[in-house]
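The values are calculated or read from the model by the stated rules, or taken from the named source; none is laboratory data. In this text the structure is predicted, and so the values were computed from the model without any measurement. Positions of Cβ are backbone-derived with ideal geometry, glycine not excepted, and every protein chain shown enters the neighbour counts.
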Amino acid sequence: MSELGFGTIPILSGRVPVLPEYFSPDTDTAVAIMRKAFDYGCNFYDTAIPEEYGDAEYKLGEFVKTVDRSKVIISDKARFYGGGDIYREALRSAENLGTKPDIYFVHQVDDSNADEVFGPGGALDALYDLKREGKIGFTGIASHYYTVLYRAALDPRVDVLQGSGNILERGMLDRIREEAAFRDKGFILNKVYAAGLLIGPFTIAELIGGVHEYPFSCALLGVGTFEQCEDAFAKEYTPVHFEFEEVLERLRKNFEPIGCDRCEKCVCPYGHEIHTSFRQFNYFNLGKEFWAANKLKMDLEQTWKDCKNCNEKPCMKECSRHLYVPGEIERIHCLLDSFGSL
């Protein structure tokens, strides 16, 4: 597996509700971009079903026809948590790709659906059956949550994990690096560019070099143009270390970030995802205003009210960055109020 992999979100076409934007190249152009990455040495390509990634799965299938199949590794994923559903989708993905997926992930697993995924007859059982039947190569769990990835790391049915992290959102990567249970699994790292938002404050060389200190099998990079392909795959990258405060200081040139590294230790007694609100605040100020605001307004008003009424504040006791959580929630609330989203 190449150290850097090709994430296919930017080559999709078609309106996909869960995604904020895309480049929408036609099939021939998309295939040519993927082929250019292959020529530079990339051999890992990641996609998802059409409901999530538009026509990227079909385009990846067309690309596979242009290369020696034994020289590329294909991963696919679906956001279905019951066994019957994901079994069906994996077979459909193989048909769309024109080849057997080497890795198939249950996508977007979180605490609300994890018991179904890991439980009897759930998606993981189905993937394990598909693997034994030779219809996929390896099983995978993809999640943005440490608790889910840790559970998957302990489960012998799981071969590969996919999680997110970058030089800003490094807290989960720090925890994974310290936990021995993760060392027996493959680990695919995504969001190295933070959906492209860290490009500008940092160079691509800094973003890629900055994650080299963490253990991963392959770092996925979203690529949608020939220029991005060359920027990502045509170079050798030197590991570089950023102290967390250095990252925040770079961002302060444009706005005052919330200094959350998304370690996900801030468990809220009301069930709110504090780290997600902090993330969307930073994303808002990095250029995704409407997308981040829409994410925030789904829960922020209730979060703000509950935070003001909370006396225990266990989130602050566990925060590795010693943030004053109520003050930061108030700051987000004021931002959205002025933006007209509440």
Scan region 231-284 residue by residue and report those that are without any contact (Cβ under 8 Å) to a residue 24 or more places away in the chain and among the β-branched types (Val, Ile, Thr).
276
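For (1) over 30 Å from residue 59 (Cα atoms); (2) assigned by TED's automatic domain parsing to the domain that holds residue 75; (3) at pLDDT 95 or above; (4) in contact with a Lys or Arg (Cβ under 7 Å, 6 or more places away or on another chain), each residue gets a yes or a no:
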residue: 188; (1), (2), (3), (4): no, yes, yes, no
residue: 191; (1), (2), (3), (4): no, yes, yes, no
residue: 209; (1), (2), (3), (4): no, yes, yes, no
residue: 228; (1), (2), (3), (4): no, yes, no, no
residue: 240; (1), (2), (3), (4): yes, yes, yes, no
residue: 250; (1), (2), (3), (4): yes, no, yes, no
residue: 264; (1), (2), (3), (4): yes, no, yes, no
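Quick one: in region 72-120, which of the residues that are part of a helix (DSSP H, G or I) and charged (D, E, K, R) is surrounded by the most Cβ atoms within 10 Å (Cβ to Cβ)?
89
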How many residues are surrounded by fewer than 23 Cβ atoms within 10 Å (Cβ to Cβ), part of a loop (DSSP other than H, G, I, E, B) and not charged (D, E, K, R) if we restrict to region 154-171?
1
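Suppose we keep only residues that are in a strand (DSSP E or B) and more than 15 Å from the chain's Cα centre (by Cα) within region 189-236. Which one would you say is farthest from residue 292 (Cα to Cα)?
So the residue we want is 202.
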Checklist (1) closer than 24 Å to residue 136 by Cα; (2) touching a helix residue (DSSP H, G or I) at 6+ places or on another chain (Cβ under 9 Å); (3) among the aliphatic types (A, V, I, L, M) applied to residue 176, failing item
(1)
Just to be sure, is residue 121 within 18 Å of the chain's Cα centre (by Cα) and in the same structural domain as residue 163 (by TED's automatic domain parsing)?
no
Quick one: in region 29-47, of everything that is over 22 Å from the mean Cα position of the chain (by Cα) and among the charged types (D, E, K, R), which residue is nearest to residue 228 (Cα to Cα)?
36
From 244, 255, which residue is at pLDDT 95 or above, within 17 Å of residue 193 (Cα to Cα) and surrounded by fewer than 18 Cβ atoms within 10 Å (Cβ to Cβ)?
244
Which residues, counting only those in region 48-71, are farther than 16 Å from residue 11 by Cα and either under 18 Å from the mean Cα position of the chain (by Cα) or part of a helix (DSSP H, G or I) (or both)?
69, 70, 71
Cβ contacts < 6 Å: first residue under 16 Å from residue 172 (Cβ atoms), restricted to region 182-211; second residue of a type in the set (S, T, N, Q), any location; separation 6+ or different chain. Result?
187/217; 188/162; 190/164; 191/164; 191/166; 192/166; 194/166
Unmet criterion (only one of (1) surrounded by fewer than 17 Cβ atoms within 10 Å (Cβ to Cβ); (2) touching a strand residue (DSSP E or B) at 6+ places or on another chain (Cβ under 9 Å); (3) aliphatic (A, V, I, L, M)) for residue 298:
(2)
Which one of 132, 69 is surrounded by fewer than 19 Cβ atoms within 10 Å (Cβ to Cβ) and touching a residue at least 12 places away in the same chain (Cβ under 8 Å)?
69
Checked region 9-51 for anything modelled with pLDDT under 95 and hydroxyl-bearing (Ser, Thr, Tyr); matches are 13, 22, 24
